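Chemist: Just dropping this structure here.
Taken together, the values in this text are just the output of simple stated rules run on the coordinates, not laboratory data. Computed from a predicted model, the values in this text were never measured in an experiment. For neighbour counting, all protein chains shown are included, and Cβ atoms are generated from backbone atoms with ideal geometry for every residue, glycine included.
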Amino acid sequence: MKQTNRKPPNPRRELQSVRNQSVSFLGVAFLFSIFVNLLMLTGPLFMLQVYDRVLSSRSVETLTALFLLVGLLYGLMAMLDYARGRIVARFGAKFQSSLDERVFDGTIRRALYPQVRSAPATALRDLEAVRSLCASPVFLAVMDIPWTPVFLAAIFLFHPLLGWLAVAGGSLLIVIALLNQVLTKQKVAEAQVASGRANAFAEQARQAAEVVRSQGMQGDVAQRWLSQRSNALSQSISASDWTGSFTSLTKSLRLFLQSAMLALGAWLVLRNEMTAGAMIAGSILLGRALAPVEMAVGQWGLIENARTAWSRLGTFLDETPPEQTKTKLPVPEARLVAKGLTVIPPGVQKPTLRNASLLLEPGKALGVIGKSGSGKTTLAKALLGLLTPAAGEIRLGGATLDQYAADDLGHYIGYLPQQVTLFNGTVTENIARMSQQPDDAAVVAAAKKANAHELIMSLEKGYDTFLEGNDSQLSGGQKQRIALARALYGDPVLLILDEPNSALDADGTEALNRAVRSLKKSGKAAIIMTHRPQAISECDDLIVVEKGQIVKAGSRDEVLGSMVQNAGAIKRHLNKVGEK
């Protein structure tokens, strides 16, 4: 079945493109804002009529009619204001949902390259920060700010002096808002970075709790964290002091301007240049004009966080373009070929694997041996398609790895890494690779192949036991057996094992050998990266990796014979293990 092959969008325009998909939401919200702000004139006009018409005429009927009209208009304003708030919240939700899968996918792919310092670990939080701004009242305040000049101009209708006072006060508030942005932007950013470092260090300490406690490091680690935390708090307080000072200044200035408006209006009333109703209406109108500016200044931290998040998110999408959809290929045969393979992991200057070539036929197992740091794990990641070769090619079933979609390739290749990771979910869900619809029969079959069935049945709820990720109470060997079952789930054509028996006991090692033996009999293939002889008992061929190069290759017995003096004893031991 061939999938549609679409050209990926320009990542530099991706954010704008997703935003524009929901721009109609903002258009409707802005339309509602027009009516909401027009209805904001209800209060000033009501006060104007009460002071200039009702009090002078002493008409209760006029007051009643005006009050009923005001109640109706305020009810309409409440509905429109509520509606626009819900609309912009849904705009933010749609924006986030449109990018959730894209950002999550990019986050997973960038996590493959921990050496890349620029790879952001906050992309999902940045997306949430943008959505949070859309759901906050300050977003509506920003939409109301364009009406501030309109309200200020309306004050001129009452008296030019009141208008000029309002313009002067509004201009001063805008200057304060700009100063707030310029003077606090760097301080807020530095506080966020310091807080992030402290939180990251605390998380590292939590994950290494056993080492921290057992090695007497808790006091020193705590002091180091407290030092980072204190620095973060100090910078946060400094940023808060600056933003707080601008917030207080804005609030006080707005209240002073309303009083100044009343004072000037009273003076004009005494000079018979305007009415008392116009004096009150002008003061109310000024307060309404300056309210969104005050809120924007008071919530500037939220705006700044969202703006920084938007910038980081754009950079993230730019550096992590979407993967192209690929033609779905049939299940490949278990024939793996690598030619002239050179791999330079991102962030590393020199290749960690150079000019490596290998051939693995169906029904065979290949052992890769070498010291720690020799390049075995790099080779494993390249064969899995996790690292892109700088030179050379890798073919599975005749097709290069980049011709397979990532999820399809993952179904064809089972992988057991050195560091086992389990997820929050049941044992069944973990073995089924977190599938939404696990195949129970395939789960049990994979567990039996990994000799994990009895282990799982001994748990409190068997296969339905919920695991708290790596914080579960399972031992290292138990986790590795479940991870081996996960690698065998779905009947992969190729199995890649990286130090598979590092935490396995004798029974686990025997189960591993039986799984490899069964795989070979069914015409599948396996690659085992190890430095332990027990792990290569089922291997037909061996390659030796040193300093990123394959220095020896051949049958298992030939390679062992050329490397060690007691090769005969090792061969007899391996043959005995293989006969079990």
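Chemist: How about the stretch 128-204: which chymotrypsin sites (Phe, Trp or Tyr not before Pro) there lie in a loop by DSSP and see at most 16 other Cβ atoms within 10 Å?
Modeler: Answer by residue number: 156.
Chemist: Assuming a ≥ b ≥ c are the square roots of the Cα gyration tensor eigenvalues, decide whether the stretch 330-477 counts as rounded (a/c under 1.5), prolate (otherwise, with a/b larger than b/c) or oblate.
Modeler: Details: a/c = 2.25, a/b = 1.76, b/c = 1.28.
Prolate, because a/c is 1.5 or more and a/b exceeds b/c.
Chemist: Go ahead and run the numbers for FRET between residue 157 and residue 57, Cβ-Cβ distance against an R0 of 22 Å, rounding to 0.05. Write out the running numbers ahead of the final one.
Modeler: Working: r = 22 Å, r/R0 = 1.02.
Efficiency at R0 = 22 Å is approximately 0.45.
Chemist: Which ³J(HN,Hα) values, rounded to whole Hz and listed in residue order, are derived for the stretch 263-269 from phi using the Karplus coefficients 6.51, -1.76 and 1.60 in 6.51 cos²θ - 1.76 cosθ + 1.60 with θ = phi - 60°, glycine and proline given as x?
Modeler: 5, 5, x, 4, 4, 5, 5
Chemist: Which value in deg cm²/dmol, rounded to the nearest 500, describes the helix-derived mean residue ellipticity at 222 nm for the chain, given -39,500 (n - 2.57) per DSSP H run of n ≥ 4 and division by the residue count? Display every interim value, and only then the final one.
Modeler: Numbers: 21 runs with 348 residues, N = 580.
Helices in the chain give a 222 nm mean residue ellipticity of -20000 deg cm²/dmol.
Chemist: Determine, from the Cβ-Cβ distance of residue 108 and residue 437 and an R0 of 30 Å, the FRET efficiency 1/(1 + (r/R0)^6), rounded to the nearest 0.05. Kindly include the intermediate steps, with their values, before the conclusion.
Modeler: Values: r = 21 Å, r/R0 = 0.71.
FRET efficiency, residue 108 to residue 437: 0.90.
Chemist: Follow-up. Using the number of other C-beta atoms within 10 angstrom as an exposure proxy, rank 294, 323, 128 with the fewest first. Before the final figure, lay out each step's value.
Modeler: Working: 294 20, 323 12, 128 17.
In increasing order of surrounding Cβ atoms, one gets 323, 128, 294.
Chemist: Another question about this same structure. Quick one: 3J(HN,Hα) in Hz for the stretch 132-147, Karplus 6.51/-1.76/1.60 with θ = phi - 60°, rounded, Gly and Pro as x.
Modeler: Listing the rounded values in order: 4, 4, 5, 8, 9, x, 5, 5, 5, 4, 4, 5, 7, 4, x, 7 Hz.
Chemist: Once amide H atoms are built 1.01 Å from N in the peptide plane, which residues 5 or more positions from residue 363, or in another chain, come under 5 Å H to H?
Modeler: Counting only residues 5 or more places away or on other chains, the set is 523, 524, 525.
Chemist: Oh, and also: Within the stretch 46-61, find all residues whose amide N lies under 16 Å from a label point positioned 7 Å from the Cα of residue 74 along Cα-to-beta-carbon.
Modeler: Those under the cut-off are 46-51.
Chemist: Neighbour counts of other C-beta atoms within 10 Å: give me 461, 552 arranged from fewest to most. Could the numbers behind the result be given before it?
Modeler: On the way: 461 10, 552 16.
Starting with the residue having the fewest Cβ neighbours, the order is 461, 552.
Chemist: For helix 160-207, what angle does its Cα long axis make with the longest principal axis of the chain, in degrees from 0 to 90 and rounded to 10?
Modeler: Helix 160-207 sits at roughly 20 degrees to that axis.
Chemist: Classify the stretch 418-502 as rounded, prolate or oblate, taking a ≥ b ≥ c as the square roots of the eigenvalues of its Cα gyration tensor: rounded when a/c is under 1.5, otherwise prolate if a/b is larger than b/c and oblate if not. All intermediate terms of the calculation are to be shown ahead of the outcome.
Modeler: Numbers: a/c = 1.41, a/b = 1.08, b/c = 1.31.
It is rounded, given that a/c, with a ≥ b ≥ c, falls under 1.5.
Chemist: Using each residue's phi in the stretch 30-47, evaluate 6.51 cos²θ - 1.76 cosθ + 1.60 at θ = phi - 60° and report the 3J(HN,Hα) Karplus result to the nearest Hz, with x for Gly and Pro.
Modeler: 5, 4, 5, 5, 4, 5, 4, 6, 5, 6, 5, 6, 4, x, x, 5, 5, 5
Chemist: Report the local net charge at residue 433: Lys and Arg +1, Asp and Glu -1, summed over other residues whose C-beta lies under 11 Å from its C-beta. Show your work: numbers first, answer last.
Modeler: On the way: positive: 486; negative: 407, 429, 439.
That sum, taken over residues with Cβ under 11 Å, equals -2.
Chemist: Could you work out how far helix 440-449 tilts from the main Cα principal axis of the chain, as a 0 to 90 degree angle to the nearest 10?
Modeler: So the inclination is approximately 40 degrees.
Chemist: Along the charge dipole of the stretch 336-579, pointing to its positive end and built from +1/-1 on Cβ of Lys, Arg, Asp and Glu, which listed residue (526, 432, 404) has its Cα farthest out?
Modeler: 526
Chemist: What full-extension length gain, to one decimal in nm, is calculated for residue 209 and residue 319 as 0.36 nm per residue of separation minus the Cα-Cα distance? Present the calculation step by step, with values, prior to reporting the outcome.
Modeler: On the way: separation 110, 0.36 × 110 = 39.60 nm, distance 3.45 nm.
36.2 nm is the gain from fully extending residue 209 to residue 319.
Chemist: Under a 5 Å amide H to amide H cut-off, with H placed in plane at 1.01 Å, what residues pair with residue 426 once short-range neighbours are removed?
Modeler: Residues meeting the criterion, in which the H sits 1.01 Å from N, are 467.
Chemist: Now for a different question. Restricting things to Cα coordinates, could you compute the convex hull volume per residue of the stretch 147-298 in Å³? Present the calculation step by step, with values, prior to reporting the outcome.
Modeler: Values: hull volume 15.9 nm³, N = 152.
Normalising the Cα hull of the stretch 147-298 by residue number yields 105 Å³.
Chemist: Rounded, prolate or oblate for the stretch 49-198? Axes are the square roots of the Cα gyration tensor eigenvalues, ordered a ≥ b ≥ c, and the cut-off for rounded is a/c under 1.5. Intermediate results must be reported in sequence, preceding the final value.
Modeler: Working: a/c = 4.57, a/b = 2.06, b/c = 2.21.
Oblate, since a/c reaches 1.5 and b/c is not below a/b.
Chemist: Once amide H atoms are placed 1.01 Å from N in the peptide plane, what residues at a sequence separation of 5 or more from residue 387, or on another chain, have their amide H within under 5 Å of its amide H?
Modeler: For residue 387, whose amide H was placed from the backbone, the distant partners under 5 Å are 382.
Chemist: Report the relative contact order of the chain, percent, no decimals, based on alpha-carbon pairs under 8 angstrom and at least 6 residues apart. Write down the numbers at each step before the final one.
Modeler: Numbers: 852 pairs, mean separation 86.5, N = 580.
Across the chain, relative contact order equals 15 percent.
Chemist: Right, next: Hey, fewest Cβ within 10 Å first, where do 279, 40, 79 land in order?
Modeler: Details: 279 24, 40 20, 79 12.
Listing 279, 40, 79 from fewest to most nearby Cβ atoms yields 79, 40, 279.
Chemist: Compute the label zone of residue 30 within the stretch 308-326: residues whose backbone N is under 15 Å from the point 7 Å along Cα-to-Cβ.
Modeler: Of the residues in the stretch 308-326, none has backbone N under 15 Å from the label point off residue 30.
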